[in-house]
Amino acid sequence: MRTSAATKETFFAPEPPQTGELYDFIEAHSARNGSKPIPQFFLSGIESGDQVEIPHEIYEVLVKAVEAMRKGLAVTITPSSLTLTTQQAAEILGVTRPTIVKLLDAGKIPFEKPGSHRKVHLEDVLEYKEVRKAEQYEALESMTAPEDESPETANDRMKRARKEAARRRRAR
């Protein structure tokens, strides 16, 4: 029985030697070139010349899957549409649907409204997620205290950081 390409599937790790050998190849390849090169890998068949290049995006999926399986974890692949409902976008961002609606109405994430429902592009949701993560790291970085900072100075800096965080929340 064939499964649809749009179904969620979970894959379990093969025996450790199989993933270890693949992981070692990937690590050695990266080490030889100093940094991760733009990969050019091929899926090959039995016959000579029977091969096709694996696109970079698929290569990255394979690397992540191998790393997880090497740790003995199962890997689940969930196909997702490139256009999302507000509920799907909320699940990706880990927020409620009303929060997504507020973000959309405030212009933080672009959307389309072809009928009565808002549609959001997956790419836009992921871009917003990255921007939000960068802002969070920036806020955390601004809260770290130098070792020679006095407690009073640290306290003042923390107050300013809290005020700035509150200002950013209100601006959303």
Is it the case that T153 is at pLDDT below 75 and β-branched (V, I, T)?
no
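Please tell me if V125 is in a helix (DSSP H, G or I) and under 15 Å from the mean Cα position of the chain (by Cα).
So V125 fits the description; yes.
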Within the range 91-101, is there a residue that is surrounded by fewer than 12 Cβ atoms within 10 Å (Cβ to Cβ) and farther than 30 Å from E27 by Cα?
yes
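Results for (1) exposed (fewer than 11 other Cβ atoms within 10 Å of the Cβ); (2) outside any helix (DSSP H, G or I); (3) touching a helix residue (DSSP H, G or I) at 6+ places or on another chain (Cβ under 6 Å); (4) at pLDDT below 70, shown as yes or no for each residue.
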| residue | (1), (2), (3), (4) |
| --- | --- |
| A5 | yes, yes, no, yes |
| G20 | no, no, no, yes |
| S30 | no, no, no, no |
| S35 | yes, yes, no, yes |
| I46 | yes, yes, no, no |
| E53 | no, yes, no, no |
| M69 | no, no, yes, no |
| S80 | no, yes, no, yes |
If only one of G107, G115 is part of a loop (DSSP other than H, G, I, E, B), under 30 Å from A165 (Cα atoms) and small (G, A, S), which one is it?
G107
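Only one of K113, K119, K159, K163 is loosely packed, with under 13 Cβ neighbours inside 10 Å and under 22 Å from A89 (Cα atoms); which?
Values: K119 fails: loosely packed, with under 13 Cβ neighbours inside 10 Å; K159 fails: under 22 Å from A89 (Cα atoms); K163 fails: under 22 Å from A89 (Cα atoms).
Of K113, K119, K159, K163, the one residue that is loosely packed, with under 13 Cβ neighbours inside 10 Å and under 22 Å from A89 (Cα atoms) is K113.
The values are calculated or read from the model by the stated rules, or taken from the named source; none is laboratory data. Since the structure is predicted, the reported quantities are computational estimates derived from the model, not experimental observations. With ideal geometry, Cβ positions are generated from the backbone for all residues, glycine too; neighbour counts draw on all protein chains shown.
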